[in-house]
Amino acid sequence: MSTILITGGSGMVGTRLTEILIKKGHEVIILSRNPLPSNQLPKGVTHAKWDLAKKWIDPLAFAAADHIVHLAGAGVADKRWNKKRKEEILNSRADSGALLVQAMQTLPNKVKTVISASGIGWYGADTHQSEKNGFTEDAPADTEFLGETCKIWEQNIQAVTALDKHLVIFRIGIVLSNTGGALVEFKKPIRLGFAAILGNGKQHISWIHIDDLCGMFIKAIDDQNMQGVYNAVAPEIVTNKALTLALAKSMKNRFFISIHVPAFFLRWVLGEMSIEILKSAKVNSYKIQGTGFQYQYPTISKAIKQLIHPL
């Protein structure tokens, strides 16, 4: 079994990925600014210190890693965007990627594969072409904030290929999980009996169940034929309205009221971040399907059933 070094390992995706890796017999090292002692962690998991400001990573932890999963980055939707917050979102991704590259250049290591997160924020709003076939991985980066952030994020980690490391980048869609992210926010009004459809509800949502996302990371560790950029989204793309109503029916049966949250209200409450909430982006999953990856939850009905009524 392998040793996997994870940045951003305490987040929603990193926590679930760690659980699955441990069950498969791997060892996991989580890079942390404030590491916990081993006796406070599950068996098979250790913490190691890193410091972005000082450009330092524990060299012993780095030397032990066979693969790196790079998830670190300030949460895009955690706070309202202002100049300071946007700088934090960008710099947390750019600086952490640059530090990993620097460490691989200067520290003894046996790292075979680097698997980095990115986001479907790379793509802009739907075009005539994407409406028909979905955005593919060769589409150019959008010129808005998230597009530029994803571009710099990917460029910074791309340098590992010059060090003879295998690089896989996943542009991740809206992750559905019970422990955080968009689904938790969608549930809040539904618990009160309201299915809150955002804007006109026609915007495409390219989503993925958290366990399928983790499965993609694990496949990239196991399959050395994988390389380059992959869209990490489910095959079935749904509208905001369809997702919201499917979730409401699963949670409340027929006992809910559908309401539309006007676009102007979202712009007032969320500011610039509302652009992403209201944006329609239909993202193509053909490339990852072409690797032979098997989804557990390829449709929104299967994903919601598992998340709302797990066995």
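Report the label-to-label distance for S301 and Q105 in nanometres (one decimal), using points 7 Å from each Cα along the Cα→Cβ vector.
5.3 nm
Over all alpha-carbon pairs in the chain, figure out the percentage whose distance exceeds 33 Å.
The answer is 24 percent, as a whole percent.
Which loop trypsin sites (Lys or Arg not before Pro) in the range 222-285, with loop taken from DSSP, have no more than 10 other Cβ atoms within 10 angstrom of their Cβ?
R254
Once every DSSP H run of n ≥ 4 in the chain is given -39500 (n - 2.57) and the sum is divided by its residues, what mean residue ellipticity at 222 nm do you get, rounded to the nearest 500 deg cm²/dmol?
-12000 deg cm²/dmol
Quick query: amide H of G199 versus all other amide H atoms, modeled in the peptide plane; which residues come in under 5 Å with a sequence gap of 5 or more or a different chain?
Correct list: V261, A263.
Based on the Cβ-Cβ distance from K202 to K83, what FRET efficiency comes out when R0 is 35 Å, to the nearest 0.05?
0.65
Given the Cα-Cα distance of I20 and K43 and 0.36 nm per residue of separation, how much length would full extension add, in nm? Display every interim value, and only then the final one.
Working: separation 23, 0.36 × 23 = 8.28 nm, distance 1.27 nm.
This chain segment gains 7.0 nm when fully extended.
Please list, in order along the range 87-100, the HN-Hα scalar couplings obtained from phi with the Karplus expression 6.51 cos²θ - 1.76 cosθ + 1.60 (θ = phi - 60°), rounded to whole Hz, x for Gly and Pro.
The phi angles translate into 5, 5, 4, 5, 5, 4, 7, 5, 5, 5, x, 4, 5, 4 Hz.
May I ask you to compute the full-extension gain from N178 to Q227, defined as 0.36 nm times their residue separation minus their alpha-carbon distance, rounded to one decimal in nm?
Extra length available between N178 and Q227 comes to 14.6 nm.
For the chain, what relative contact order do you get, as a whole percent, if you take Cα pairs closer than 8 Å and at least 6 residues apart?
17 percent.
Holding the Cα-Cα limit at 32 Å, pick out from K84/K110; K83/K202; K54/K279; K151/K305; K79/K202 the pairs that are longer than that.
Correct reply: K84/K110; K54/K279; K151/K305.
Tell me which residues come under 5 Å, amide H to amide H, from A48 once H is placed; ignore anything under 5 positions away on its chain.
HN-HN under 5 Å from A48: I30, L31, S32.
Please list log₁₀ I(q)/I(0) at q = 0.19, 0.24 Å⁻¹ for the range 23-103, using the Debye equation with identical point scatterers on the alpha-carbon positions.
For the requested q values the scattering log ratios are -0.92, -1.19.
Residue by residue, what Karplus-based ³J(HN,Hα) values in Hz, rounded to whole numbers, does the range 228-235 have, using 6.51, -1.76 and 1.60 with θ = phi - 60° and x for Gly and Pro?
Taking θ as phi minus 60°, the curve returns x, 9, 9, 7, 9, 9, 6, x Hz for the range 228-235.
What fraction of the DSSP beta bridges in the chain is antiparallel, stated in percent and rounded to the nearest 5?
Values: 5 of 43 bridges.
Of those bridges, close to 10 percent are antiparallel.
If you average the C-alpha positions of the range 69-120 and of the range 136-157 separately, how far apart do those two centres end up, in angstrom?
The range 69-120 and the range 136-157 have Cα centres spaced 13 Å from each other.
For the range 169-260, what mean projected area does the convex hull of the alpha carbons give, in nm²?
Reported value for the Cα convex hull: 6.5 nm².
Using amide H atoms built 1.01 Å from N in the peptide plane, name the residues 5+ places from T127, or on other chains, whose amide H lies under 5 Å from its own.
Those qualifying (amide H under 5 Å, at least 5 residues apart or on another chain) number zero.
So how much slack lies between T143 and T291, counting 0.36 nm per residue of separation and subtracting their Cα-Cα distance, in nm?
Length gained between T143 and T291: 50.3 nm.
Let me make sure I get this right: for the range 190-311, a, b and c are the square roots of the gyration tensor eigenvalues over alpha carbons, sorted descending. Under 1.5 in a/c it's rounded, otherwise prolate if a/b > b/c, else oblate. Which is it?
In terms of gyration-tensor shape, oblate.
Residue by residue through the range 185-194, what is 3J(HN,Hα) from phi via Karplus (6.51 cos²θ - 1.76 cosθ + 1.60, θ = phi - 60°)? Round to whole Hz and write x for glycine and proline.
The phi angles translate into 6, 4, 5, 4, x, 5, 4, 8, x, 10 Hz.
List the chymotrypsin sites (Phe, Trp or Tyr not before Pro) within the range 183-278 that DSSP assigns to loop and that have no more than 14 neighbouring Cβ atoms inside 10 Å. Please list the in-between numbers first.
Working: sites: F186, F194, W207, F217, Y230, F255, F256, F264, F265, W268; in loops: F255, F256.
In loop regions of the range 183-278 (DSSP not H, G, I, E or B), the sparsely surrounded chymotrypsin sites (Phe, Trp or Tyr not before Pro) are F255.
Between H260 and N34, what's the calculated FRET efficiency when r is the beta-carbon distance and R0 is 41 Å? Round to 0.05.
0.40
Where a number appears in this text, it was derived from the coordinates with a stated rule and is not lab data. Note that the coordinates shown come from a computational prediction; the quantities given were computed from them, not determined experimentally. Cβ sites come from the backbone with ideal geometry, for glycine too, and all protein chains shown count toward neighbours.
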